[in-house]
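K.L.:
My questions will all concern the structure given below.
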Amino acid sequence: MAKVNVEKLDEQKKIAILKKAIDELGLSYVSRQIGVDRSTLNRYVNGKIKKIPNEVIEKASDLLTVEELNDILYGLKSTDVDPTTAISVIVKAKTDESFRNFFLTLLWQELGEYIKEPSNTYIVSDDDVKLFEKIMKTQRAKKTAYTRTNSLKRALAELNYELTPTRLKEYMLDVL
């Protein structure tokens, strides 16, 4: 089953899919997989045969990953990003106004629907826990403060310090 609707692709995109498949897997392998000989495949890639059958492109697209197809069709190359890289992008956006405008526009275009949904996740920090401990120590008896602080820490550890309404509800039901 094709990952892409080849009927909507122009000839340049079709050729790009063939070229990427050949670059990744080799001419002989691709020609065997799509069912054409190597010379015909070369003619497709070099533009000597103008009309490339949709079946050929469907088979070639099946040889590529979704990321490779995204790169060809939309110019979006996906790479693995670690938290350090993500944080450095945010720091750059905070300090550079033109980059911030570009970054936020791109985020809105690519993730607009996701951004519109309210985020209901809260990551509990060490400062939050220390504040809770401080309030408990000043407003409760020593044993009560100790018990409640330990209960909170245990619950947060089980929830990986990430609070969402659904996870809290599930946790409370499990405790009961």
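K.L.:
Which one of these does Leu63 not meet: (1) surrounded by 12 or more Cβ atoms within 10 Å (Cβ to Cβ); (2) assigned by TED's automatic domain parsing to the domain that holds Glu24; (3) modelled with pLDDT of 90 or more; (4) more than 12 Å from Leu18 (Cα to Cα)?
P.N.:
All conditions are met except number (4).
K.L.:
While we're here: Could you check region 1-38 and list, in sequence order, the residues that are within 11 Å of Leu63 (Cα to Cα), part of a helix (DSSP H, G or I) and touching a residue at least 12 places away in the same chain (Cβ under 8 Å)?
P.N.:
Residues satisfying the conditions are Ile17, Leu18, Lys20, Ala21, Ile22, Glu24, Leu25, Val30, Gln33, Ile34.
Yes or no, residue by residue, for (1) surrounded by fewer than 12 Cβ atoms within 10 Å (Cβ to Cβ); (2) at pLDDT 90 or above; (3) assigned to a helix (DSSP H, G or I); (4) of a type in the set (Lys, Arg):
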{"position": "Lys92", "(1), (2), (3), (4)": "no, yes, yes, yes"}
{"position": "Thr105", "(1), (2), (3), (4)": "yes, no, yes, no"}
{"position": "Leu111", "(1), (2), (3), (4)": "yes, no, yes, no"}
{"position": "Ile115", "(1), (2), (3), (4)": "no, no, yes, no"}
{"position": "Lys130", "(1), (2), (3), (4)": "yes, yes, yes, yes"}
{"position": "Glu133", "(1), (2), (3), (4)": "no, yes, yes, no"}
{"position": "Ala145", "(1), (2), (3), (4)": "no, yes, yes, no"}
{"position": "Arg167", "(1), (2), (3), (4)": "no, no, yes, yes"}
{"position": "Glu170", "(1), (2), (3), (4)": "no, no, yes, no"}
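K.L.:
Also, I was wondering about something else. (1) touching a helix residue (DSSP H, G or I) at 6+ places or on another chain (Cβ under 8 Å); (2) within 26 Å of Lys8 (Cβ to Cβ); (3) assigned to a helix (DSSP H, G or I): which one isn't true of Thr149, the others all being true?
P.N.:
Among (1) touching a helix residue (DSSP H, G or I) at 6+ places or on another chain (Cβ under 8 Å); (2) within 26 Å of Lys8 (Cβ to Cβ); (3) assigned to a helix (DSSP H, G or I), the lone unmet condition for Thr149 is (2).
K.L.:
In addition: Quick check on Val124: is it within 30 Å of Leu41 (Cβ to Cβ), touching a Phe, Trp or Tyr at 6+ places or on another chain (Cβ under 8 Å) and surrounded by 12 or more Cβ atoms within 10 Å (Cβ to Cβ)?
P.N.:
Numbers: within 30 Å of Leu41 (Cβ to Cβ): no; touching a Phe, Trp or Tyr at 6+ places or on another chain (Cβ under 8 Å): yes; surrounded by 12 or more Cβ atoms within 10 Å (Cβ to Cβ): yes.
No, not satisfied.
K.L.:
Mind checking which residues of region 100-158 are free of Cβ contacts under 8 Å to residues at least 12 places away in the same chain and basic (Lys, Arg)?
P.N.:
Listed by number, the residues that qualify are Arg100, Lys116, Lys130, Lys134, Lys137, Arg140, Lys142, Lys143, Arg154.
K.L.:
Give region 39-53 a look and list any residue that's in a helix (DSSP H, G or I) and either exposed (fewer than 14 other Cβ atoms within 10 Å of the Cβ) or of a type in the set (Asp, Glu) (or both), or say none.
P.N.:
Just the residues of region 39-53 that are in a helix (DSSP H, G or I), to begin with: 39-46.
If the condition is that a residue be in a helix (DSSP H, G or I) and either exposed (fewer than 14 other Cβ atoms within 10 Å of the Cβ) or of a type in the set (Asp, Glu) (or both), then Ser39, Asn46 are the ones that fit.
The values are calculated or read from the model by the stated rules, or taken from the named source; none is laboratory data. All figures in this text were calculated on a predicted structure; none of them were measured in a lab. Because the Cβ atoms are built from the backbone with ideal geometry, glycine has one as well, and the counts that use them run over all protein chains shown.
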